[in-house]
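To keep things clear, I will list the structure first and then write my remarks on it.
The values are calculated or read from the model by the stated rules, or taken from the named source; none is laboratory data. Remember, it's a predicted structure, so these values are computed and weren't measured experimentally. No Cβ is skipped: glycine too gets one built from the backbone with ideal geometry, and neighbour counts run over all protein chains shown.
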Amino acid sequence: MQSLKNSPSPLKRPRLTPQPPPTPPNPQTLTTNKPSKWTPLNLTQSELSLPLTFPTGQTFRWKQTGPLQYTGPVGPHLISLKHLQNGDVCYHIHTSPSEPAAKSALLDFLNMGISLGELWEGFSASDCRFAELAKYLAGARVLRQDPVECLLQFLCSSNNNIARITKMVDFLASLGSHLGKVEGFEFHEFPSLERLSLVSEVELRNAGFGYRAKYITGTVDVLQSKHGGGAEWLLSLRKLDLQEAIDALCTLPGVGPKVAACIALFSLDQHHAIPVDTHVWKIATRYLLPELAGARLTPKLCSRVAEAFVSKYGKYAGWAQTLLFIAELPSQKAILPSDFCAMEENKSAKTKER
């Protein structure tokens, strides 16, 4: 997972190259519901916590559109999710070619074939610290995103902060079909590789992408050259072993092992992928591999960290690592009890002394 550094001051709005307006969806193919029509998703907060899932670095396309409410596109569907007072989750379809298809796509996107409660029960049995964190951070799910969309988002995230990543992803998304506007936010279906292939490196640089512009255009070109299509090639990686999928992703411009692990975990069903960045390295040296504290992170040690997580948590280690990563974010540390944080600091100090 990428290192997410919030900028202390607002960034200047990037100068955008004028683009032809995206083709709006055909109104005859859309269903539009009244804002009051919310439908229960039959999910408790322990299975899906929206604040612990959407603004924590997995995706940069969902926006907070109300108290405990988030809105985003899932393919051609524009959907809002919110928590009721009892914590249960409900959904509202703003626009969609088909309501049944929208719900099916949403459940797939939320990885609802996997029981978070059962996973966390197993993690808690093997790790008392995880069990303690789970009391306060229940419901942090791993999403199952479209691989093309996920790949291009994480190309934007390289050595970047949340504000700039979001601006870049919004720019790319604006090239797709317009889905609607909710609480001042404009939403679009993510553009196809064919549409993205029409965008030049210069246009992306003018839009503030910097050196990432060449990685995006280069990756789109490589995907376009794949036999059967780049989207189909990416989907085929779901059937490979993790290392094979990582190696395949690393053939794309700008994709290294860390970015590849993010894409594998968040879109390719590689549930034991471990994106090792400085945050995950600190977690590993504090709790799993204290003997490596003070060492410099190398590719070899990245592999060792990933192996340690899998050894500890099993074939869904990526889901456990996601919670441990979220627990380190300042926004989430604030909701942990002060005595728990103090105990953590004492343990960390003792580890450093040893």
Helices (runs of 4 or more DSSP H) contained in segment 244-338 and holding at least 1 residues within 17 Å of L151 (Cα to Cα): 257-267
Looking at segment 154-163, can you tell me whether even one residue there is farther than 23 Å from G230 by Cα, among the aliphatic types (A, V, I, L, M) and modelled with pLDDT of 95 or more? no
Out of all the residues in segment 60-109, which are among the aliphatic types (A, V, I, L, M) and either under 27 Å from C262 (Cα atoms) or surrounded by fewer than 16 Cβ atoms within 10 Å (Cβ to Cβ) (or both)? L68, V74, L78, I79, L81, L84, V89, A101, A102, A105, L106, L107
Total residues in segment 197-225, condition polar (S, T, N, Q) and in contact (Cβ under 8 Å) with a residue 60 or more places away in the chain: 2
What's the total number of residues in segment 87-142 that are among the basic types (K, R) and modelled with pLDDT under 95? 2
Might you let me know whether segment 289-297 holds any residue that is without any contact (Cβ under 8 Å) to a residue 40 or more places away in the chain, surrounded by fewer than 19 Cβ atoms within 10 Å (Cβ to Cβ) and within 30 Å of V222 (Cβ to Cβ)? yes
Pair list, Cβ < 8 Å and 6+ apart or interchain, from segment 177-196 residues that are free of Cβ contacts under 8 Å to residues at least 24 places away in the same chain and within 13 Å of T71 (Cα to Cα) to residues that are assigned to a strand (DSSP E or B) and of a type outside the set (G, A, S): K181/F187; E186/H178
Anything in segment 258-279 that is polar (S, T, N, Q) and either without any contact (Cβ under 8 Å) to a residue 60 or more places away in the chain or crowded, with 24+ Cβ neighbours inside 10 Å (or both)? List them, or say none. S267, Q270
